[in-house]
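Asks: This is the structure I have questions about; it appears just below.
Each value in this text was obtained by applying a stated rule to the coordinates, not by laboratory testing. For clarity, every value in this text was computed on a predicted model and none was experimentally measured. Counting neighbours? That spans all protein chains shown, and the Cβs are built from the backbone with ideal geometry, glycine included.
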Amino acid sequence: MNMPAAANGTAQLMDTARVILSRLLESVDPPEELLPQIAAVKEQLAADLRMEDLGELLEVVGGFLVGAWRRVDQERVQWNTFLGQLTERLDELNKSLQGTEQQMMAAYYGGRKAESTVERQVGDIEAQRQRTSDVWQIKSYIHQRVAVIRTQLEDNQGRGTLQFTSLQRQLNTLRAIIQEIQQESAELCTHHAHGQAEVLVDPTTGLASRWAYEQRLQDEITRWKRYASALVVQLWSVEDFEMIKVAYGQKACDKALQLVAKIMETNLRETDFIARYDAGTLAVLVSETDMDVAQSVTDRICSTIAGSGFHYRGTPVTVTVSCGYSDIRQGDIPEDLLQRAFTALNQAVSEGGSRHCVG
């Protein structure tokens with residue numbers, strides 16, 4: 001067996017495993033209490049990775065991914081539970097409204113009945129007056145009719161008081177249900193908004209996350225199909241990213257990445273979209289710009305970063321970037337654009353770095 005070839009194959013396997021595991025870790029959105037553990041795994045990946053360590057690392061990273069999936073599933077369960085409770089509360093609300101409507105109808109018809117009674121008694125009095133001229137007989141008849149009217153009004157007033165009390169109680173119940181629903185909705189929406197913000201933003205650089213970038217890319221392709229406006233995808237690699245991590249630690253890597261992100265944001269337009277794609281890769285969507293303009297901007301960014309004079313704890317650290325980019329073409333899906341940009345990026349890196357290539 002050719003030992004050097006076997007050793008070379010093992011080294012390539014370890015490098016591939018390191019890259020894949022690093023990307024998987026970048027895709028995890030961990031709670032704060034897991035950040036030290038993830039940082040420790042990243043440090044281990046940055047060091048010399050041995051074959052005997054690979055199984056343990058796979059298990060640890062797999063655990064992080066399972067935990068992330070469980071958190072997403074838990075949030076889904078919370079939403080489903082909330083929607084179920086909301087449905088129940090709305091059913092209660094509907095029943096209460098129906099009861100209130102019935103009470104209002106009863107009050108309405110009760111009032112109409114009293115009004116009808118008064119009209120009928122007054123009509124009888126008028127008819128009696130026309131039938132007889134005996135004042136005492138008319139007076140006696142009026143007393144009788146007035147007594148009937150008073151009884152009807154008192155009865156109606158009693159029912160009205162009961163109905164009003166019942167209506168007031170039902171309205172108070174409705175107010176309580178509505179306030180509770182509003183409070184629960186606000187709390188859950190706030191929680192969901194915080195979760196969405198964590199998913200959409202990379203915590204190290206403050207840039208958009210890979211997930212947000214992929215969503216935006218799909219939106220831009222849909223827009224391009226409608227308006228045929230120019231669109232360029234750029235992938236930027238911070239060169240020697242892993243070497244900086246090994247030599248100076250994770251904090252140095254983070255600061256270098258933050259510097260690159262700041263320079264890129266300064267040189268890009270507000271309409272351009274920049275995100276952290278993985279550990280040492282940034283991705284940009286340049287809309288309504290042709291390749292010539294994109295190339296000019298890329299040249300400027302490369303030279304600015306190369307001359308940035310980055311220092312970490314007083315020590316100068318060389319930071320350079322390479323870029324691969326491609327414009328959108330007929331029939332493209334997101335994977336096509338990204339694949340061409342990645343191919344161009346790999347070419348730029350293989351040619352010595354600190355340059356850009358078109359895919």
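Asks: GluC sites (Glu not before Pro) within the range 227-282: which are DSSP loop residues with at most 15 other Cβ atoms inside 10 Å?
Replies: Glu270
Asks: Taking other Cβ within 10 Å of each residue's Cβ, how do Ser209, Ser308, Ser322, Ser229 sort, fewest first?
Replies: Result, fewest neighbours first: Ser229, Ser308, Ser209, Ser322.
Asks: Still on this structure: For Glu59 paired with Gln347, estimate the spin-label separation in nm (one decimal), with each label point 7 Å from Cα along the Cα-to-Cβ line.
Replies: The two pseudo-label positions are separated by 4.4 nm.
Asks: What does the extension gain come out to for Gln12 and Glu335, with contour length at 0.36 nm per residue minus their alpha carbon separation? Before the final figure, lay out each step's value.
Replies: Numbers: separation 323, 0.36 × 323 = 116.28 nm, distance 2.51 nm.
Length difference between fully extended and current span is 113.8 nm.
Asks: Further, regarding this structure: Could you grab the Rg to Rh ratio for the range 237-306? Cα atoms only, Kirkwood for Rh.
Replies: Using Cα coordinates only, the ratio equals 1.01.
Asks: At q = 0.09, 0.10, 0.11, 0.18 Å⁻¹, work out log10 I(q)/I(0) for the range 210-358 with the Debye formula, treating every Cα as an identical point scatterer and leaving solvent out; two decimals please.
Replies: Scattering profile of the range 210-358, log10 relative to I(0): -0.27, -0.33, -0.40, -1.02.
Asks: Fewest to most neighbouring Cβ within 10 Å: what's the order for Arg216, Arg340, Arg269?
Replies: Values: Arg216 16, Arg340 21, Arg269 11.
Placing the least packed residue first, the sequence is Arg269, Arg216, Arg340.
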